[in-house]
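First comes the structure, then the notes that go with it.
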Amino acid sequence: MENSQTNVTLAEVLVGILLAVVLAGMTIPLFTTTAIKGRATQALSDVKQIILACQLYASDHDSDYPTNQLDPKTLQPSKTLGPITDYSNTAFAQLFPDYLTNETIFCVQGSAYTPTGADNVIDVPVAPTPVNTLKQGENTFSYCLGLKETSDARFPLVADGFADLAHWTYVKDKTVKGGVWEGKNAIVGFVDGSASNQKVDPRTMTVMGNPVSPSSSYFSTAGVAAGNGEQWLASPKNQWLNPR
């Protein structure tokens, strides 16, 4: 009795290869989209943790979120030394170690601000000018100075680091600082502890929709003199700090 044999032609092999290539082409974008959504979900959760730490800090500091430099003698915020004016890392560092111990939540995978992630080495004891705590490359988020726990709940407090701090803009190039979401979205956290994934306007490359002045960036101080009883980021002291 002869064994039956299946002869596969070259055409059938080529068709099989073509189908495999097509299926791979359909699957890879799906995996990529899923990965991006996963990173965004994690970033939203991390921003909420950061704001919760700010709220706990405020409960011990007259409702103020981290704004003033630490007094070298007391290691407590001192208004006589003026506000922090360099980088958001410096402000966030004041949350360690009493309110946070994990630097990892300040890192977003794929962000040019945090290419290598965090080492979770912090200054012990606390240093007035941070050395190890959230050093360069360990924070991807920007921060708004001068806000309090009692500020307008809609005010943005934390956001993805900007490409251009002067205009609060992002970029499409994901290899560039401010381009982690390819200029499509930005993670924004608010005074009330919430956070959301906001759309970036493709024309202005910033998050628009300032409630007092809708044609202005969400991060601007436009509308201070709106004359309608409302204010938005009500004074120049509400400046934004970018990551180091």
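Here is how the numbers come out for the structure above:
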{"read-out": "Single unsatisfied condition, Asp173 versus (1) more than 15 Å from the chain's Cα centre (by Cα); (2) over 21 Å from Ala40 (Cβ atoms)", "value": "(2)"}
{"read-out": "Single unsatisfied condition, Leu157 versus (1) in contact with a helix residue (DSSP H, G or I) (Cβ under 7 Å, 6 or more places away or on another chain); (2) in a loop (DSSP other than H, G, I, E, B)", "value": "(2)"}
{"read-out": "Matching entry among Ile51, Ile36 (being at pLDDT below 80 and surrounded by 15 or more Cβ atoms within 10 Å (Cβ to Cβ))", "value": "Ile36"}
{"read-out": "Any hit, the range 107-117, residues being part of a helix (DSSP H, G or I) and either of a type in the set (Gly, Ala, Ser) or more than 22 Å from Lys48 (Cβ to Cβ) (or both)", "value": "no"}
{"read-out": "Test for Tyr99: is it among the aromatic types (Phe, Trp, Tyr), assigned to a loop (DSSP other than H, G, I, E, B) and in contact with a Gly (Cβ under 9 Å, 6 or more places away or on another chain)", "value": "no"}
{"read-out": "Odd one out for Ile84 among (1) at pLDDT 80 or above; (2) surrounded by fewer than 16 Cβ atoms within 10 Å (Cβ to Cβ)", "value": "(2)"}
{"read-out": "Qualifying residue in the range 152-159 (condition: buried (at least 18 other Cβ atoms within 10 Å of the Cβ) and in contact with a Lys or Arg (Cβ under 9 Å, 6 or more places away or on another chain))", "value": "no"}
{"read-out": "Where Gly193 falls short, out of the listed (1) of a type outside the set (Asp, Glu); (2) part of a loop (DSSP other than H, G, I, E, B); (3) in contact with a Gly (Cβ under 6 Å, 6 or more places away or on another chain)", "value": "(3)"}
{"read-out": "For Thr67: the one exception among (1) hydroxyl-bearing (Ser, Thr, Tyr); (2) touching a Gly at 6+ places or on another chain (Cβ under 9 Å); (3) at pLDDT 95 or above", "value": "(3)"}
{"read-out": "Test: residue in the range 202-223 that is at pLDDT 95 or above, surrounded by 14 or more Cβ atoms within 10 Å (Cβ to Cβ), within 15 Å of the chain's Cα centre (by Cα) and more than 22 Å from Ser63 (Cα to Cα)", "value": "yes"}
{"read-out": "Condition broken by Pro125, with the remaining ones in (1) in a loop (DSSP other than H, G, I, E, B); (2) touching a strand residue (DSSP E or B) at 6+ places or on another chain (Cβ under 6 Å) satisfied", "value": "(2)"}
{"read-out": "Matching option when the condition is out of contact with any strand residue (DSSP E or B) (no Cβ under 8 Å at 6 or more places or on another chain) and touching a residue at least 60 places away in the same chain (Cβ under 8 Å), among Tyr87, Tyr113", "value": "Tyr113"}
{"read-out": "Subset of the range 180-199 [out of contact with any Leu (no Cβ under 8 Å at 6 or more places or on another chain) and crowded, with 20+ Cβ neighbours inside 10 Å]", "value": "Val180, Trp181, Gly183, Ala186, Val188"}
{"read-out": "Meets criteria (over 17 Å from the mean Cα position of the chain (by Cα), aliphatic (A, V, I, L, M) and surrounded by 22 or more Cβ atoms within 10 Å (Cβ to Cβ)) for Leu147", "value": "yes"}
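The values are calculated or read from the model by the stated rules, or taken from the named source; none is laboratory data. These numbers were taken from a predicted model, which means no experiment stands behind them. A quick note on method: Cβ atoms are made from the backbone with ideal geometry, for glycine too, and the neighbour counts reach across all protein chains shown.
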